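The values are calculated or read from the model by the stated rules, or taken from the named source; none is laboratory data. All values reported here derive from a predicted model rather than from experimental measurement. Here Cβ is always computed from backbone atoms with ideal geometry, including for glycine, and neighbour counts include all displayed protein chains. Each accessible area value is taken on the protein alone, full model and side chains, heavy atoms only, with ligands, DNA and RNA left out. Shrake-Rupley method; radii C 1.70, N 1.55, O 1.52, S 1.80 Å.
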Amino acid sequence: MSQTPLSPGEPRVLIGATGSIAVTALPAYLAELRGQLGGTYTVLMTHTAATFLPPTTVAIHAERVVSGESPDDWPTDKPSRLAADHDIVVVLPATANMLAAAASGAAPNRLTTVILSTRSPVVFFPSMGAAMWDKPAVRRNIEQLRADGHHVPEPVWHDSYDVGSRTVSNHPTMPPPAELAKIVGSLLT
Ligand SMILES: Cc1cc2nc3c(=O)[nH]c(=O)nc-3n(C[C@H](O)[C@H](O)[C@H](O)COP(=O)(O)O)c2cc1C
């Protein structure tokens, strides 16, 4: 089987996928990132992200998928190794919970530990309900992350249908794939 070798300079991207419902759009984002930037993609999924989107589905679109918090995985997937092996960490989507953990320097799981361990750029793409986004605690966490040198681009407001309330609501989420890939590309130069 022939394989295309990775060209020098092609980015090694670590996607940190967290438990927003927007994680179901991840395959389209991976396709666009790969199309614009080339490179290789590891997806590190939190427990909640892996309940919303099966890691086996993500594995169709990424070179490597890491999920679960078992110490059995540490020989190959320890946080320091994941941090050292990638040129950028893209938290996509980023929950309010993940923003809070990262802003306070907490490391309750493998993704937050990688964020603390890496010396590469980290960019968060938040996605949540409008009421969550407006909370002072969320605003504070975003300001803290920016002050600490992380990147938190402004989200795009999007209408989506909520099957629970049977209403359409406008809420902040990730920019469309082409726009998001440009932002990630600009952080790699
Ligand atoms: C159906 C459902 C949808 C959710 N969507 C979001 C969301 O869009 N944004 C968010 O910040 N939290 C959302 N949550 C809450 C997170 O899943 C929850 O805070 C979880 O602990 C996040 O874990 P993680 O940050 O480790 O992935 C949702 C929860 C459920 C049950």
In whole Å, how far is the Cα centre of the range 114-165 from that of the range 23-50? 17 Å
Heavy-atom accessible area per residue, the range 34-81, 1.4 Å probe: how many Å²? 55 Å²
Among L145, S20, S186, whose Cα sits farthest toward the positive end of the charge dipole of the chain (+1 at Cβ of Lys/Arg, -1 at Cβ of Asp/Glu, about the Cα centre)? L145
Which of rounded, prolate or oblate describes the range 138-189 when judged by the alpha-carbon gyration tensor and an a/c cut-off of 1.5? oblate
Using the Kirkwood formula on the Cα atoms of the range 1-138, what hydrodynamic radius do you get, in angstrom to one decimal? 15.4 Å
Within the chain, which is the longest segment containing none of the GluC sites (Glu not before Pro) that sit in a DSSP loop and have at most 15 other Cβ atoms within 10 Å? 70-189
Of N109, G39, P93, whose Cα points farthest to the positive end of the dipole of the chain (charges on the beta-carbon: +1 Lys, Arg; -1 Asp, Glu; origin at the Cα centre)? N109
Relative contact order (%) - criterion: Cα under 8 Å, at least six apart; region: the range 9-51: 63 percent
So, with a 1.4 angstrom probe, what is the percent of accessible area on the range 1-95 that is carbon and sulfur? 58 percent
I'd like to check one number: the per residue accessible area of the range 86-129, probe 1.4 Å, reported in Å² as a whole number. 30 Å²
Net charge near V43, counting Lys/Arg +1 and Asp/Glu -1 over other residues with Cβ under 13 Å of its Cβ? +2
The range 61-189 - convex hull of alpha carbons, volume per residue in Å³: 137 Å³
